[in-house]
Every structure is written in C-alpha cells, then in structure tokens.
Amino acid sequence: MTDACIRGIVEAIHATPTQAVVYVAGGASQALGMLMSVPGATNTVLEAVVPYSRMSMIQLLGKIPTHYCSQQTAVSMALLAYNRALKLSKPGAAVLGVGFTGALASTHPKLGDHRFHLSTRTSDRLWVSTVTLSKGLRTREQEDKISSHHLLKAIANACKVPATFISELMDSETVEESEQWFSEDQELEQLINGDIPFKVYPFARAETEMFNEERKIILPGSFNPLHDGHLKLLEVATRICGNGYPCFEISAVNADKPPLSVPRIKDRVKQFEKVGKTVIISNQPLFYKKAELFPGSAFVIGADTAARLINPKYYDWDYGKMVEILSGCKRTGCTFVVAGRNIDGVFKVLEDFEIPEVLQDIFVPIPAEMFRMDISSTELRKKGGL
C-alpha cells in the first residue's frame, strides 16, 4: 500500500470518536508509527504498550500464558486494553482495545510457523484473526510491515472506517477470522462477573464539553429511586469543584448483598435517560476501589457516608488501617465532597466529625446554606409502596 493510502486511512481513523489502547508484542511495530505520525493521533491513541519481554507480558496478563503467541493471548491482551481504555477515555467515546502477538522472522530460525494473532474488543464485539505466513519468503521487516497493515485494517474496521487493503499474502498463506457480538445484557453480565470494570451511559450529551480528562465529579448511590435531591446535590457539588464531568455511579456489586440483576440495572439506568444525566455502572462497591477505578475524581457523598469512611469499625477496628486505606485514595488524587445529612434525627455536616489531620485535605464540605434537602430514596420507596 502507498504511503498516501495509509495516511488517508489513518486520518479517517483519527476523525472518528474511537479512543483506543493498543498492546503489541512480537511484530506490527510499524503500525504504531503509522498511527502516531499522522496529526490527530491524540484523538485515537490513549496508550500504546509493547510488552516485549516475557516478564513484561507476564506482568501485563497477570499470569504466565500457556503460549505467548496464541489466539488466547491476543484475546486477553485486547480485553485488558479495552478495560484500560475505559479508564482513560472520555464518557461517550467509542472504546477500543487492541491486542497483537506475533512470532515473526528473527535472527534464529523458528521451529514453528511464522504467524501472528490479532484481536480487537469493543463494547459489543470481539474480533480475532490468525495469519500464518510462509517461512523464508520475507525479511523480518517485510513480515512486520504485513502484520502492521493487518493491525491497521483491524483498527479501521473497529472504527467503522471504510478501507480497502490489497492483500499482500500468497495463496498458500492462511487467514482465520472469527467474531462474537455482545448484547447490552451480555455486557452487563460481564461487568457483574468482573470481566470489565464499568459501563458508561453518557446521556448528558449537552455536558460533554464540561469533561476534563483528569477529573470526574461522581455521585455514587443505589438511586432506588433517583430523586430531585440527587440531581440538586450533584449540581451544587459541580459548582464547588469548579470543573469536571458530573455523573452518577451505581455499583452492580454490593459488599453485603447479592449483585443487582441485569433487568434491575437497566430499570435504574432508564431513570437517568429520562433526565438526561450520565450514569456509570461499575462493579466496585468500596470507595478505595472506586478511587483506583476513577483516579483524580471528586466523590460526592453525604455526611453519613463520611462518618462511615472514617470509622475504624469498618476497618476491623484498626485506626491505622483506616488511615492507610484513605491515604491510598488521597494518592490517587481523589477527594470527597460532603453534604449534610440527617443522622438519627440530627442534621450533621462535615465539621461535626473529627477527620484525621493527614486526611483533612481530601474532605471538602458543602455548606448547609448551599444544599440541604431532607429526602431519601428509602422514604420515597416507603411512601410509594416500592
């Protein structure tokens, strides 16, 4: 393919809303240059990693693979890349994970085939390809170029970019492809099972310009049901924080209860669609895990939740453990924006609690004059017979 043709395809990829993380090992190195040498790469490439050594691959996968160059390894790399892209991408972006592993021509003759495995993962599709090359037909650079073109083609297809690639393979060389499509229900099942960390429903289209990659303003809760107090609280917290992308978050997994069912999750999501607000469904019920999942975020909580966060009772009665865990949240750049709440019939604000000095800077009060709404989802459920 000509350089002009490659450039045109890459420009079209960069013009899409797709944001990708790419993991490649053992080949396709030229594809990274093709992607990043064309202006606009920051629109597409969130991160590119080359886990070339065996130890690097082991650390990426979190295990020793049965085979370093295999379809399964490429699929695992693509899923890890997809999950990483979820964490790095903007709400509403089309997220793509790419995994590539190859065994190409080297300084020493290979006993097995010259081949590469390639996988792409999006929210609704898993695509896998294996290409077997003829030994001795090309140099390493030539094989790398072919694998790079295949990688670029896979990214173009995932971005829904129409691109014509002239086959550079001989008739004796084989290509095996397969794909699997996921419904929304299947994606939520994967989330509940821990295969993916979260799913974003970006209903707040008009607010996308408020998004700052380094900061989200997140109001977690069960929202059963969502009410005006939740909406007002997030609005006030956003004004206090000054910038960021405001969104709600529901954990499908509860520390003390069974996980939410897929139908129940979808019912709660519909509430946010009606009011045009973004909601994230995650699988992390604990705040220190949420902080790892959404680093740099401001979590909007009530004074009752703040009281539990600093209560050693919830850390095996270990004060040092409590400070250590919340200090971990602090290191992620997260803060807690705290609104007053009725606790046992008494309205309390952040100042009513003794915050450890080392943690005081991560707790931000919402003045009672800015927000006080004595309403709860529990009371609404009781009144409505829910």
Take every Cα pair under 8 Å in the chain that's 6+ residues apart, average their separations, divide by the length, and report that relative contact order as a whole percent. 12 percent
Could you order the peptides 29-39, 300-310 from most to least packed, using the average number of other C-beta atoms within 10 Å per residue? 300-310, 29-39
Between ASP3 and LEU137, what is 0.36 nm times their sequence separation minus the Cα-Cα distance? Round to one decimal in nm. 45.9 nm
Cα-centre dipole for the chain with unit charges at Cβ (Lys and Arg positive, Asp and Glu negative), debye to 20: 260 debye
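With a 1.4 Å probe and all protein chains kept in place, how do SER119, SER106, SER76 rank by accessible area, largest first?
SER106, SER76, SER119
Taking the Cα centre of the range 268-377 as origin, sum charge times position over the Cβ atoms of Lys and Arg (+1) and Asp and Glu (-1), and report the length of that vector in debye to the nearest 20.
The dipole magnitude comes to about 640 debye.
Hey, any idea what the orientation-averaged projected area of the convex hull of the range 220-307's Cα atoms comes to, in nm²?
Dividing the Cα hull surface by four gives the mean projection, 6.0 nm².
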Taking all protein chains in place and a 1.4 Å probe, what share, in percent, of the accessible surface of the chain do carbon and sulfur account for? 51 percent
Mind checking the angle between helix 3-14 and the chain's longest principal axis? C-alpha axes, 0 to 90 degrees, to the nearest 10. 20 degrees
Hey, got the dipole for the range 20-115? About the Cα centre, +1 on K and R Cβ, -1 on D and E Cβ, debye to the nearest 20? 160 debye
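Checking a compactness column here: for the chain, what do you get for Rg(Cα) / (2.2 N^0.38 Å), N being the number of residues?
Dividing the Cα radius of gyration by 2.2 N^0.38 Å gives 1.15.
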Tilt, helix 319-331 to longest principal axis of the chain (alpha-carbon atoms), in degrees rounded to tens, equals 50 degrees
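Normalising by the residue count of the range 60-192, find the relative contact order in percent from Cα pairs under 8 Å and 6+ residues apart. Before the final figure, lay out the partial values.
Working: 199 pairs, mean separation 29.3, N = 133.
Over the range 60-192, the number comes to 22 percent.
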Which residue, chosen from PRO263, ALA298, VAL275, occupies the Cα position most advanced towards the positive end of the dipole of the range 230-386, where the dipole is computed from +1 (Lys, Arg) and -1 (Asp, Glu) charges on Cβ about the Cα centre? PRO263
At ASP228 and SER327, where each label point lies 7 Å from the Cα along Cα→Cβ, what is the point-to-point distance in nanometres? 4.5 nm
Per-q log10 I(q)/I(0), the range 4-161, q = 0.09, 0.10, 0.16 Å⁻¹ (Debye; single scatterer per alpha-carbon; no solvent): -0.26, -0.33, -0.84
From the Cα gyration tensor of the range 313-367, with a ≥ b ≥ c the square roots of its eigenvalues, which class applies: rounded if a/c is under 1.5, or else prolate if a/b is larger than b/c, or else oblate? oblate
What do you get for the angle between helix 71-88 and the principal long axis of the chain? Use alpha-carbon atoms, 0 to 90 degrees, nearest ten. 40 degrees
Stretchable slack from LYS274 to GLN186, in nm (0.36 nm times residue separation minus alpha-carbon distance): 29.4 nm
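The values are calculated or read from the model by the stated rules, or taken from the named source; none is laboratory data. Remember, it's a predicted structure, so these values are computed and weren't measured experimentally. Using ideal geometry, Cβ is built from the backbone for each residue, glycine included, and neighbour counts are taken over all protein chains shown. We work out accessible area using only protein heavy atoms, side chains counted, and drop any ligands, DNA or RNA first. Shrake-Rupley method; radii C 1.70, N 1.55, O 1.52, S 1.80 Å.
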